[in-house]
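I have placed the structure first, in the form of structure tokens, so that the comments after it can refer back to it.
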Amino acid sequence: MNLFSKLYYKLRKMWKAIQLYLVIAGPGIVVMVADNDAGGITTYAATGAKFGYHLIWFLALLIPVAYYVQEMTVRLGAVTKRGLAEAIFDGFGATWGWYALIDLMLVNWLTLVTEFIGMTAALHIFGVPPWLTVTGVVTLMAIIVLNGRYWTWEKIALLFCALNLIYIPAAFMIHPSLADIIKGGLIPNFPGGFNGQLFFFLMANIGTTIAPWMLFFQQSAVVDKGMQEKDIPWGKFDTLLGSALTVVVAIFIVIVTGTTLNGTDIESAGQAAEHLMQTDRYVGTFMAIGLFDAGLLGAICISLASSWAFGEIFGWAHSLNQNIKQAPWFYASYFFALITAGLVVLIPGAPLVLITLFVQVIAVTLLPAALVFLILLLNDRHTMGDYCNSVWQNLTGGFIVAAIVILSSLYGISVMFPNLFE
Amino acid sequence: MRTSLKRLFRKVAEINQRYREPRIEMSRAVRVALEFLRIYLLFLVCLMVYKFILLLN
């Protein structure tokens with residue numbers, strides 16, 4: 001009897017913990033899965049097609065990298081109750097603040113363009129014209145955000161996150177060799193040696209896993225959700241789960257294209273889906289659906305990251321819990337970014353694939369600036385108190401910043417001296 | 001249009017005034033390092049834009 005009562009007590013405790021997590025869950029998972037956006041899917045698909053399984057080990061390394069970077073925003077948001085843009089303005093003054101804000105706006109808008117590129121490419125496979133995709137997406141997103149509640153928005157976003165897992169069954173359907181994946185993918189190696197192309201792909205993969213908009217988005221989402229200091233452990237767990245999930249999905253995409261399209265020069269995920277349609281209709285369809293979902297999820301989050309940041313600085317009402325009358329500028333900036341980005345895709349002859357890959361690389365190049373501010377803010381003992389960064393956390397953050405700057409520099413050198421790494 | 005622009009500039013000036021003094025004190029070395037990082041990253045971005053134009057042509 002005693003054993004049963006103990007078991008019942010433990011189960012009840014576990015169920016309560018799960019219930020509590022479900023209340024807190026959201027920002028971490030949404031931001032990390034949304035990170036597998038259209039540009040991300042394109043990058044992973046191109047990586048698999050170009051290098052086969054050889055860079056899977058590198059993707060796996062990005063789980064702790066993404067977690068360490070993003071969990072800092074959870075602590076900062078929950079303790080200060082303000083978004084990263086406002087925290088940078090307050091902490092470092094207006095000059096640095098404007099630099100961070102303009103940097104964010106530019107990269108966010110460019111990334112938003114890549115989301116529309118992905119969505120139009122995905123639906124083009126099913127015969128939907130780009131103008132109809134752009135109009136449909138803008139309308140759908142208007143319906144999602146104008147319901148006037150953060151909670152509803154988050155649950156819809158989580159639904160799209162679940163659809164992002166479509167690449168996992170797709171990978172099983174093509175029956176890859178587990179031995180080849182372990183042998184070729186889990187032992188660190190640099191396929192083809194060090195060259196500009198490898199640096200470009202490594203940077204693009206980092207750029208799809210951690211991007212400036214994610215820092216701003218998660219912190220603002222933590223604030224909008226109303227998370228408190230006591231919720232930080234759950235927020236961290238949420239982020240860890242999201243980090244693992246995003247990289248697992250990325251690895252499965254690499255497996256899909258690495259198995260079926262290895263050695264092919266794939267320029268976009270849309271092109272990969274078209275190729276896959278010829279080998280396996282269902283896998284191709286899954287790839288296209290996943291690409292559309294990724295673009296939509298990315299667009300939902302990125303446009304919000306910009307509007308939140310603007311609202312914080314300009315002092316406008318900036319919450320999804322407020323309706324369009326209460327927060328007109330918040331929604332105006334949201335739709336302005338969305339519609340202008342959508343229009344770029346409709347320009348005839350625009351180099352959409354090239355834009356997608358370069359946006360990832362530019363995003364990662366500008367990331368260290370935002371990261372340095374974040375680390376400095378997390379070292380402000382006066383504000384952060386017990387939630388201040390430890391020496392270990394600072395070392396990890398510093399290492400990530402240094403690694404990104406070195407990779408960006410190597411790529412820069414390869415641009416200036418293309419024959420240096422041949 | 002003119003009134004909106006005026007209002008925007010007034011708002012920007014107000015923000016600059018509000019955040020004129022940084023709350024976190026940075027040593028001169030940190031400030032110089034941050035400035036250098038900013039210029040260096042912008043230089044790298046310019047290089048990437050150059051490469052983008054090269055590929056475009």
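What follows is calculated from the coordinates using simple rules that are stated; it is not laboratory data. These numbers were taken from a predicted model, which means no experiment stands behind them. Cβ sites come from the backbone with ideal geometry, for glycine too, and all protein chains shown count toward neighbours.
Where Rh is the Kirkwood radius over the Cα pairs of segment A:227-369, the temperature 10 °C and the viscosity 1.306 mPa s, what D in µm²/s does Stokes-Einstein return? Display every interim value, and only then the final one.
Values: Rh = 18.4 Å.
It diffuses with D of about 86 µm²/s by this estimate.
Could you tell me which of the pairs A:K13/A:K155; A:K10/A:K236; A:K50/A:K236; A:K225/B:K11 are separated by over 32 angstrom between their Cα atoms in the structure shown?
Values: A:K13/A:K155 25 Å; A:K10/A:K236 23 Å; A:K50/A:K236 34 Å; A:K225/B:K11 28 Å.
With Cα atoms farther than 32 Å apart: A:K50/A:K236.
Roughly how large, in nm² to one decimal, is the mean projection of the convex hull of the alpha-carbon atoms in segment A:355-407?
Values: hull surface 16.3 nm².
That works out to 4.1 nm².
With N set to the number of residues, divide the alpha-carbon radius of gyration of chain A by 2.2 N^0.38 Å and report two decimals.
Numbers: Rg = 21.2 Å, N = 422, 2.2 N^0.38 = 21.9 Å.
Cα-based Rg divided by the globular estimate yields 0.97.
How shielded is A:362-372 by partner chains, expressed as the average number of their Cβ atoms within 10 Å of its Cβ atoms?
Working: counts 5, 0, 0, 8, 5, 1, 5, 6, 0, 0, 5.
Shielding by partners across A:362-372 averages 3.
Using Cα pairs closer than 8 Å and at least 6 residues apart in sequence, work out the relative contact order for segment A:31-416, in percent. Intermediate results must be reported in sequence, preceding the final value.
Values: 610 pairs, mean separation 147.9, N = 386.
After rounding, I find 38 percent.
Could you pull out every one of the aspartates and glutamates with an alpha carbon less than 16 Å from that of B:K6, ignoring same-chain neighbours closer than 8 positions?
Partners found: B:E14.
Given 0.36 nm per residue, what is the gain on full extension from A:A244 to A:L146 after removing their alpha carbon distance, in nm? Write out the running numbers ahead of the final one.
On the way: separation 98, 0.36 × 98 = 35.28 nm, distance 3.12 nm.
Here the segment from A:A244 to A:L146 would lengthen by 32.2 nm.
For A:311-323, what's the mean count of beta carbons from other chains sitting within 10 Å of each residue's beta carbon?
On the way: counts 0, 0, 5, 5, 4, 1, 0, 0, 0, 0, 0, 0, 0.
Per-residue shielding by partner chains comes out at 1.
Does segment A:64-217 classify as rounded, prolate or oblate by the C-alpha gyration tensor (a ≥ b ≥ c root eigenvalues; a/c under 1.5 gives rounded; else a/b over b/c gives prolate, otherwise oblate)?
Working: a/c = 1.74, a/b = 1.20, b/c = 1.45.
Oblate, because a/c is 1.5 or more while a/b does not exceed b/c.
Of A:L338, A:Q278, A:L378, which is farthest towards the positive pole of segment A:31-416's charge dipole, taken about the Cα centre with +1 and -1 on the beta-carbons of Lys, Arg and Asp, Glu respectively?
Of A:L338, A:Q278, A:L378, it is A:L378.
Just to confirm a number: summing +1 for Lys and Arg and -1 for Asp and Glu over residues other than B:R18 whose beta-carbon lies under 11 angstrom from that of B:R18, what do you get?
Values: positive: B:K11, B:R20; negative: A:E86, A:D90, B:E14, B:E21.
Net charge in that neighbourhood comes out at -2.
Rounded if a/c is under 1.5, else prolate if a/b is larger than b/c, else oblate: which is chain B, with a ≥ b ≥ c the root eigenvalues of its Cα gyration tensor?
It is oblate, given that a/c is not under 1.5 and a/b is not larger than b/c.
Going by C-beta contacts inside 10 Å, put A:V69, A:V222 in order with the fewest on the left.
A:V69, A:V222
Per DSSP H run of n ≥ 4, the term is -39500 (n - 2.57); total these for chain A, divide by its residue number, and report the mean residue ellipticity at 222 nm rounded to 500 deg cm²/dmol. Mind showing how you got there, number by number?
Working: 19 runs with 332 residues, N = 422.
When only DSSP H runs of four or more count, the value is -26500 deg cm²/dmol.
Taking a ≥ b ≥ c as the square roots of the eigenvalues of the Cα gyration tensor of segment A:305-412, is the shape rounded (a/c under 1.5), prolate (a/b larger than b/c) or oblate? Let's see the in-between values first.
Details: a/c = 4.19, a/b = 1.17, b/c = 3.57.
It is oblate, given that a/c is not under 1.5 and a/b is not larger than b/c.
Could you please report the charge total around A:M227, scoring K, R as +1 and D, E as -1 over all other residues with beta-carbon less than 15 angstrom from its beta-carbon?
0
Would you look at the GNM of chain A, springs on alpha carbons closer than 10 Å, and say which of A:G263, A:G52, A:G39 moves the most?
Comparing A:G263, A:G52, A:G39 in a Gaussian network model of chain A, the most mobile one is A:G263.
Between B:K6 and A:T135, what is the label-to-label distance in nm when each label sits 7 Å out along the Cα-to-Cβ direction?
Computed distance between label sites B:K6 and A:T135 equals 4.0 nm.
What residue among B:E14, B:E35, B:E25 shows peak mean-square fluctuation when chain B is described by a Gaussian network model with Cα springs under 10 Å?
Its mean-square fluctuation being the largest, the pick is B:E14.
Which peptide among A:273-279, A:176-182 comes first, and what is the full order, when sorted by highest mean count of other Cβ atoms within 10 Å? Intermediate results must be reported in sequence, preceding the final value.
Values: A:273-279: 17.7, A:176-182: 12.7.
The peptides rank, most packed first, as A:273-279, A:176-182.
In what sequence, highest mean first, do A:160-168, B:46-54 appear when ranked by Cβ atoms within 10 angstrom?
Details: A:160-168: 19.1, B:46-54: 14.6.
Ranking, from highest mean packing down: A:160-168, B:46-54.
Please arrange B:T3, A:T356 by how many other C-beta atoms lie within 10 Å of their C-beta, fewest to most.
Ascending number of Cβ neighbours within 10 Å: B:T3, A:T356.
Identify which of A:Y387, A:Y44, A:Y67 has the largest mean-square fluctuation in a Gaussian network model of chain A, with springs joining Cα atoms closer than 10 Å.
A:Y387
For a distance above 27 Å, tell me the whole-number percent of Cα pairs in segment A:1-127 that qualify.
47
Among all helices in chain A defined by DSSP H, which have a length of 27 Å or more along the axis from Cα atoms plus a Kyte-Doolittle mean of at least 0.5? Show your work: numbers first, answer last.
Values: long enough: A:2-24 (33 Å, 0.26); A:56-80 (37 Å, 1.31); A:94-124 (44 Å, 1.05); A:232-260 (42 Å, 1.52); A:281-314 (50 Å, 1.27); A:352-378 (38 Å, 2.85); A:391-416 (37 Å, 1.58).
Both cut-offs are met by A:56-80, A:94-124, A:232-260, A:281-314, A:352-378, A:391-416.
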